[in-house]
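J.: Here it is, the structure, as structure tokens.
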Amino acid sequence: MKEPVSASDQDHRASRPVFVSYATADRKQALAVCKAIEDRGAACWISCRDVAPGENYQEAIVHSIRDARAMILVFSGAANNSDEIKKELSLASRYRTPVMALRIEDVEPSDAFAYELSTRQWIDAFDGWDTSIDALVGRVGQLSGTEPASPIAAGPVRHRSLFSRPIAMAAAGCLLIALIAGGAWWYLRPTAAAAHSMTVRLSGFKLLSTDLPPTLRDTVDAEITAAFNADGVVGVSTASAPATGTAPAYALGGTIQRDGNAIRVITRLTNERSGETLWTDNFNYDGNEVARVPRHIAVDAGNVVRCGLFGASTYYKPLPDEVLRDYMQFCQGHWDPNLQEGRKALVPAQRVVAAVPDFSWGWAAIAGAMWKVALTADTPALADQARATGRQAADRAVAIDARNSEALYIKAVLTDRRDWIGRENLYKRAIAARRLDCGCEHHQYGWMLVKVGRIAEGLEELHQADDMLALYVYTPLTLADALVVAGKPDEAKTYYDAAIDLAPNAAFATRLAADKATQLDGVALLSDAKLPISAELRAALLQGYRTTASQDAGEKAQAVKALLALPPDQQNEGVVRLLAKLGATHEAFLIAARLADDDFTGPSIFWYPEMRGTLSDPGFPAVATQLGLIKYWKTMRVRPDICSEASPPPFCRMI
């Protein structure tokens, strides 16, 4: 039975803002919705306007949804594909925040949205803007209790179920087919399916120091919850006790305390059925940045736990505690942003496949560990050997489970960097096989597309990866680099800042700040003496940047001379692009041709806007052929974006 709602409670709810949920692509429309709501007397909260500079973005989202009077979902095709919105809907469900959908495009919900929105109704904004907003505000005004209000009509606006009758009938038919197929599978299954849940219960982080804010524990839980995809394989529970049953029950918790000038966090993942600790680690954070600790925990613990439990979910039965413990150790090394630490993932991965040789994801772990070994190998011969061993392990994984998308995308990474055709086929197989909670297959494929000049498609893949897992430093960093290649430096700044915010320590953050400075032509940033840039490189870059606007040919010649005098190992992307800006096109081309054979940068160096002139260099077709690009473009029947311009460079005629 519901308790009566007091007038004071009604007033309190009425004073809360409405949370506006939207996809990044719909920012302008969402702001228009927010303004229209506020023009009618209701307050609203929207992230692009109301997250203060320096404020923890994810924490602000969580708190705003929890305290909101209602959530208004600005629904569109872009929203339909946004994993961030799915997380927000999950949080709204958790905090019992009523959700109303305002459709700005005539699209049907798919996948997780079909589940999340199946019991709700929508208002169509494209049927009449003013009447739809009036109806929306009218429904918000009905919210006086803690339960979602019943939908009300306002004028001629049509309120419809999110599923039309034909769709509902089709869904019923599909359900019947699924039940029949499911029965057949159950009857013919070779082994029992895994009964365990891939939900991790948040058992809480105990505060061991009295001067820590008492809200810190709840904020940590909220950050971890927000870090997991709403529709991912691994979910999060805030239940007070594990679910009943005999299957493994995983719980994540730990302790937080001050230790001198640091905040020390001990994180533990346990199996509450057996009492075994499956993974534990210590993290030390800056004692002056307590407010950032919850985000750090969500990143450092969340990535490892997601990796471990996702992999475990693919096996046909629960992994024994000792095997999962080793697999978690692999995940810790694999997800460490420090590549040298990634080498430590190999030994526990080898123990996993020794114990359970038919565990496909264990062989993918071997491949992943060999990838990190190859990246940090002392000699090219050792790197090639590690790549070959990694590819063999990936093949073993796919032979056991053809849907092992992790093995497929890692094999693509380990394949000869000039074999664009083979790599693309593997990436496409990975994307079609099984969706990874980390979005890694989209991340790696997106950067490959950027390298071969398909920038627009590459950005789509990288945005999808960032939507799925924004809390890993290399995800926003790669997206930022791609945006600069696409000639969108202003958009890139946000993602560089996000990557810096996710850096595991101050030294790492400083290195990322240096990358941002050289990528964005940041004279002010380069002037920062703290950045790890050699004095000669700093001086040459600053001289070059300050000379680009000069009309003095002599000054430009001196700037070019200083850049060309740098040692080869300091002639990076920033140097090459600056040479091109200063008019030294051929010199820029020669250095770019050397960098284009690099594992990470690759041919992406040629697609920056300022490098346009290098593509007309007589030597470019030979370089493109040597890099395997001409063969790739011809075989796959694709062209780099620049070949679609009104006056494409000469090499486009070869494709």
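The values are calculated or read from the model by the stated rules, or taken from the named source; none is laboratory data. Bear in mind that the values here come from a model prediction, so they are computed numbers and not experimental data. Positions of Cβ are generated from backbone atoms using ideal geometry, with glycine treated the same way; all protein chains shown enter the neighbour counts.
J.: Only one residue in 510, 548 is β-branched (Val, Ile, Thr) and under 30 Å from residue 341 (Cβ atoms). Which one? Full working, then the answer.
T.: Working: 548 fails: under 30 Å from residue 341 (Cβ atoms).
The unique qualifying residue is 510.
J.: Between 436, 541, which is part of a helix (DSSP H, G or I), out of contact with any Pro (no Cβ under 9 Å at 6 or more places or on another chain) and farther than 22 Å from residue 25 by Cβ? Write out each step before concluding.
T.: Values: 436 fails: part of a helix (DSSP H, G or I).
541 is the lone residue from the list that is part of a helix (DSSP H, G or I), out of contact with any Pro (no Cβ under 9 Å at 6 or more places or on another chain) and farther than 22 Å from residue 25 by Cβ.
J.: Okay, next question. Specify the residue that is nearest to the chain's Cα centre (by Cα); the eligible residues are those in segment 206-223 that are of a type in the set (Val, Ile, Thr) and surrounded by fewer than 14 Cβ atoms within 10 Å (Cβ to Cβ). Even if it seems obvious, please write down each step before you answer.
T.: Taking segment 206-223 as the starting set, the residues that turn out to be of a type in the set (Val, Ile, Thr) are 210, 215, 219-220.
Narrowing the set further to residues that are surrounded by fewer than 14 Cβ atoms within 10 Å (Cβ to Cβ) leaves 210, 215.
Details: 210: 35, 215: 27 Å.
It comes out as 215.
Yes or no, residue by residue, for (1) in the same structural domain as residue 592 (by TED's automatic domain parsing); (2) buried (at least 23 other Cβ atoms within 10 Å of the Cβ):
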| site | (1), (2) |
| --- | --- |
| 448 | no, no |
| 454 | no, no |
| 503 | yes, no |
| 535 | yes, no |
| 544 | yes, yes |
| 551 | yes, no |
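J.: To continue, here is another question. I'd like the residue in segment 467-494 that is within 17 Å of residue 438 (Cα to Cα) and modelled with pLDDT of 90 or more and, out of all such residues, is surrounded by the fewest Cβ atoms within 10 Å (Cβ to Cβ).
T.: So the residue we want is 474.
J.: Conditions: (1) more than 16 Å from residue 455 (Cβ to Cβ); (2) hydrophobic (A, V, I, L, M, F, W, C); (3) touching a Gly at 6+ places or on another chain (Cβ under 9 Å). Residue 623 meets all but one. Number of the miss?
T.: The number of the failed condition is (3).
J.: Which ones in segment 48-71 are more than 21 Å from the chain's Cα centre (by Cα) and either of a type outside the set (A, V, I, L, M) or outside the structural domain of residue 16 (by TED's automatic domain parsing) (or both)?
T.: Within segment 48-71, 49, 50, 53, 63, 64, 66, 67, 69 meet the criteria.
J.: Across segment 211-223, which residue is nearest to residue 95 (Cα to Cα) among those that are in a helix (DSSP H, G or I) and in contact (Cβ under 8 Å) with a residue 40 or more places away in the chain?
T.: So, considering only residues that are in a helix (DSSP H, G or I) and in contact (Cβ under 8 Å) with a residue 40 or more places away in the chain, the one nearest to residue 95 (Cα to Cα) is 222.
J.: If you don't mind, another one. Test residue 339 against the stated conditions and say whether it is of a type outside the set (Ser, Thr, Tyr) and in contact with a Ser or Thr (Cβ under 8 Å, 6 or more places away or on another chain).
T.: Details: of a type outside the set (Ser, Thr, Tyr): yes; in contact with a Ser or Thr (Cβ under 8 Å, 6 or more places away or on another chain): yes.
Judged against the criteria, residue 339 is a match.
J.: Of the residues that sit in segment 20-36 and are among the hydrophobic types (A, V, I, L, M, F, W, C) and crowded, with 22+ Cβ neighbours inside 10 Å, which one is modelled with the highest pLDDT? Before the answer, list the steps.
T.: Restricting attention to segment 20-36, the residues satisfying the condition of being among the hydrophobic types (A, V, I, L, M, F, W, C) are 20, 23, 25, 30-34, 36.
Pick out the ones that are also crowded, with 22+ Cβ neighbours inside 10 Å and you get 20, 30, 33-34.
On the way: 20: 94, 30: 88, 33: 90, 34: 90.
By that ranking, first place goes to 20.
J.: Take the conditions in contact (Cβ under 8 Å) with a residue 40 or more places away in the chain, aliphatic (A, V, I, L, M) and over 30 Å from residue 501 (Cβ atoms) and apply them to residue 328. Does it pass? Quick ask: steps written out before the conclusion?
T.: Details: in contact (Cβ under 8 Å) with a residue 40 or more places away in the chain: yes; aliphatic (A, V, I, L, M): yes; over 30 Å from residue 501 (Cβ atoms): no.
Answer is no for this residue.
J.: With the checklist (1) assigned to a helix (DSSP H, G or I); (2) under 29 Å from residue 603 (Cβ atoms); (3) modelled with pLDDT under 90; (4) of a type in the set (D, E, K, R) in hand, flag the one item residue 546 doesn't pass.
T.: (2)
J.: Give 277, 270 a once-over and let me know the one that is surrounded by 14 or more Cβ atoms within 10 Å (Cβ to Cβ) and in contact with a strand residue (DSSP E or B) (Cβ under 9 Å, 6 or more places away or on another chain).
T.: Values: 277 fails: surrounded by 14 or more Cβ atoms within 10 Å (Cβ to Cβ).
After applying the criteria, what remains is 270.
J.: A follow-up question, please. Keeping to segment 319-342, report how many residues are assigned to a helix (DSSP H, G or I), in contact with a helix residue (DSSP H, G or I) (Cβ under 8 Å, 6 or more places away or on another chain) and surrounded by 19 or more Cβ atoms within 10 Å (Cβ to Cβ). Let's see the steps before the verdict.
T.: Taking segment 319-342 first, the residues assigned to a helix (DSSP H, G or I) are 321-334, 339-342.
Still in the running and in contact with a helix residue (DSSP H, G or I) (Cβ under 8 Å, 6 or more places away or on another chain): 322-324, 326-334, 339, 341-342.
Retained after the next criterion (residues that are surrounded by 19 or more Cβ atoms within 10 Å (Cβ to Cβ)): 323-324, 326-334, 342.
Qualifying residue count for the region: 12.
J.: Next question. I need the full set of residues from segment 226-267 which are out of contact with any strand residue (DSSP E or B) (no Cβ under 6 Å at 6 or more places or on another chain), farther than 26 Å from residue 468 by Cβ and of a type in the set (D, E, K, R), in order please.
T.: Answer for segment 226-267, where residues must be out of contact with any strand residue (DSSP E or B) (no Cβ under 6 Å at 6 or more places or on another chain), farther than 26 Å from residue 468 by Cβ and of a type in the set (D, E, K, R): 258, 259.
J.: Select the helices (runs of 4 or more DSSP H) contained entirely in segment 346-405, then report the ones holding at least 3 residues which are more than 13 Å from residue 323 (Cα to Cα) and not assigned by TED's automatic domain parsing to the domain that holds residue 600.
T.: Numbers: elements: 346-355, 360-375, 380-400.
Output list reads 360-375, 380-400.
J.: Quick check on my filter: what residues within segment 25-45 are in contact with a Ser or Thr (Cβ under 9 Å, 6 or more places away or on another chain) and within 19 Å of residue 83 (Cβ to Cβ)?
T.: Across segment 25-45, the qualifying residues are 25, 26, 30.
J.: I would also like to ask the following. Testing residue 565 on (1) surrounded by 14 or more Cβ atoms within 10 Å (Cβ to Cβ); (2) in contact (Cβ under 8 Å) with a residue 24 or more places away in the chain; (3) not β-branched (Val, Ile, Thr), one condition comes back false. Which one is that?
T.: (1)
J.: Something else about it: If only one of 226, 251 is crowded, with 19+ Cβ neighbours inside 10 Å and part of a helix (DSSP H, G or I), which one is it?
T.: Checking each option against the conditions leaves just 226.
J.: Here is a follow-up. If we scan segment 557-569, do we find a residue that is among the charged types (D, E, K, R) and modelled with pLDDT under 85?
T.: Restricting attention to segment 557-569, the residues satisfying the condition of being among the charged types (D, E, K, R) are 561, 569.
Checking which are modelled with pLDDT under 85 leaves us with none.
No, there is no match, as no residue in segment 557-569 is among the charged types (D, E, K, R) and modelled with pLDDT under 85.
J.: Determine which member of the set 606, 620 is in the same structural domain as residue 481 (by TED's automatic domain parsing) and surrounded by fewer than 21 Cβ atoms within 10 Å (Cβ to Cβ). Reasoning before the result, please.
T.: On the way: 606 fails: surrounded by fewer than 21 Cβ atoms within 10 Å (Cβ to Cβ).
The unique qualifying residue is 620.
J.: With touching a helix residue (DSSP H, G or I) at 6+ places or on another chain (Cβ under 8 Å), modelled with pLDDT of 95 or more and farther than 26 Å from residue 502 by Cα as the only criterion, which of 408, 449 stands out?
T.: Numbers: 449 fails: farther than 26 Å from residue 502 by Cα.
The unique qualifying residue is 408.
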